[in-house]
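The values are calculated or read from the model by the stated rules, or taken from the named source; none is laboratory data. Just so we're clear, the structure is a prediction, and the values are computed from it rather than from any experiment. Accessible surface areas use protein heavy atoms only, side chains included; no ligands, DNA or RNA. Shrake-Rupley method; radii C 1.70, N 1.55, O 1.52, S 1.80 Å.
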Amino acid sequence: MELLRKWLGHPEDIYNLLRFKMGGYRAVMPRMDTDSLGCGLRTCYRYLNQTSRSFAAVIQALDGELRHAVCIFYLVLRALDTVEDDMSIPLDVKVPMLQEFHSHLYQPDWKFTESKEKDRQVLEDFPTISMEFRNLSKVYQDVISDICHKMGVGMAEFLEKKYCHYVAGLVGIGLSRLFSASELEDSIVGQDTDLANSMGLFLQKTNIIRDYLEDQLEGREFWPREVWSRYAKKLSDLAKPENIDVAVQCLNELITNALHHVPDVLTYLSRLKNQSVFNFCAIPQVMAIATLAACYNNQQVFRGVVKIRKGQAVTLMMDATNIQAVKAIMYQYVEEIYQKIPSTDPSSNKTQQVIASIRAMSLPGSPMASRHHYSPIYLSCAMLLAALSWQYLSTLSKATEEYVQAGDN
């Protein structure tokens with residue numbers, strides 16, 4: 001009955017989940033024919049699906065050879081990140097390994113078999129990944145190798161600093177350079193590193209904010225000390241019930257900081273021409289803004305998991321296919337945040353100011369802005385459908401899991 005109550009509370013989710021399952025996903029995430037791929041590439045896409053909950057489907061929907069380049073780029077950075085995350089590797093081994101990791105792309109036999117991380121297969125079978133890297137056009141190899149080098153050096157340099165903007169932004173920069181190298185996008189997309197950096201940072205900050213409790217339980221600390229130290233002596237203190245008020249204030253400040261990237265995100269997306277690239281970039285960004293809206297002023301961040309609904313997620317995936325739609329989505333969720341701003345919150349003025357700047361770039365008159373208003377007849381039908389088919393939808397929600405995730409690396 002809990003599932004039934006959930007569907008009745010958001011009847012539009014039923015319609016959108018059904019629409020997504022019955023073909024709506026093909027517009028944004030068409031299935032890739034893996035039978036035509038060589039053994040090495042098939043293996044790489046298998047690793048992609050195993051290690052990425054949020055990006056695998058959108059990567060495979062990219063056009064032409066860019067798809068393979070981004071897949072390999074992701075796996076190379078996943079391997080690098082696995083080294084960084086592995087606490088069983090001593091620092092005197094890890095630091096030079098990170099610094100030199102890019103050189104292994106050109107060493108056919110290099111692999112690392114001593115990792116204890118869950119994604120260790122990308123290190124143990126790195127020869128397959130590096131072989132497919134060397135099969136890419138040189139223009140893609142140069143970008144991937146350069147970003148891998150810079151990121152490895154950055155990870156080593158900031159190993160003790162848990163909120164590393166330098167490393168996070170490099171992902172956005174590297175992807176942007178690949179888009180331009182493919183000639184599917186103009187050169188300015190890869191050249192404007194400030195906007196590309198903001199794209200990466202917005203996603204990274206959202207993940208860090210949302211995953212506070214999970215990271216604490218795993219012994220990781222990514223929230224920036226310069227912020228949380230004004231609210232608590234230790235980051236872990238924010239999870240204590242007696243500190244919940246200051247914890248939420250710290251949370252709201254971090255979300256306000258992340259929102260400053262939204263104008264850059266909209267500018268970046270407005271430059272994209274290729275539909276598959278636009279979908280690839282836009283879907284994670286709208287998931288991020290929806291996640292921030294769910295987290296804002298929410299004590300649950302310090303008590304459990306905060307996620308957007310599956311029906312909400314598939315709606316965003318199907319809707320975010322053009323810049324006007326994305327602007328309307330951004331407008332909707334910053335309005336949701338605005339309505340929750342406590343008058344006593346220390347960051348309230350700053351939050352209102354950044355929301356005003358986002359409003360100025362958005363189009364509230366767009367048809368997308370009112371996409372959640374449904375007629376009484378529709379709502380009644382949706383509720384009846386929920387009552388009749390909630391068991392079926394329970395199975396359906398599992399079937400769509402591979403397509404739906406509020407955020408990842």
Reference-scaled alpha-carbon Rg (2.2 N^0.38 Å with N residues) for the range 203-357: 1.06
Table column - 3J(HN,Hα) (Hz), the range 313-328, Karplus curve with 6.51, -1.76, 1.60, x for Gly and Pro: 5, 5, 4, 4, 5, 7, 8, 7, 10, 8, 5, 5, 5, 5, 4, 5
Anchor Lys116: aspartates and glutamates whose Cα lies under 19 Å away (excluding residues fewer than 8 positions away in-chain): Asp81, Glu84, Asp85, Asp86, Asp92, Glu124, Asp125, Glu214, Asp215, Glu218
Rounded accessible area of His102 (nearest 10 Å², 1.4 Å probe): 40
3J(HN,Hα) from dihedral phi, the range 261-278, Karplus parametrisation 6.51/-1.76/1.60, rounded to Hz, x for glycine, proline: 7, 4, x, 5, 4, 5, 5, 4, 5, 5, 8, 6, 10, 7, 5, 5, 5, 4
Global form of the range 26-184, assessed from the alpha-carbon gyration tensor, a/c cut-off 1.5: prolate
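At a 1.4 Å probe, what is the % contribution of carbon and sulfur to the accessible area of the range 26-184? Don't jump to the answer; show the numbers that get you there.
Values: 3530 of 7060 Å².
Of all accessible area on the range 26-184, carbon and sulfur atoms account for 50 percent.
Greater than 21 Å separation of Cα atoms is the criterion. Which listed pairs, Lys233/Lys350; Lys118/Lys150; Lys240/Lys310; Lys94/Lys118; Lys118/Lys234, meet it?
Working: Lys233/Lys350 24 Å; Lys118/Lys150 24 Å; Lys240/Lys310 30 Å; Lys94/Lys118 17 Å; Lys118/Lys234 28 Å.
With Cα atoms farther than 21 Å apart: Lys233/Lys350; Lys118/Lys150; Lys240/Lys310; Lys118/Lys234.
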Global form of the range 152-295, assessed from the alpha-carbon gyration tensor, a/c cut-off 1.5: prolate
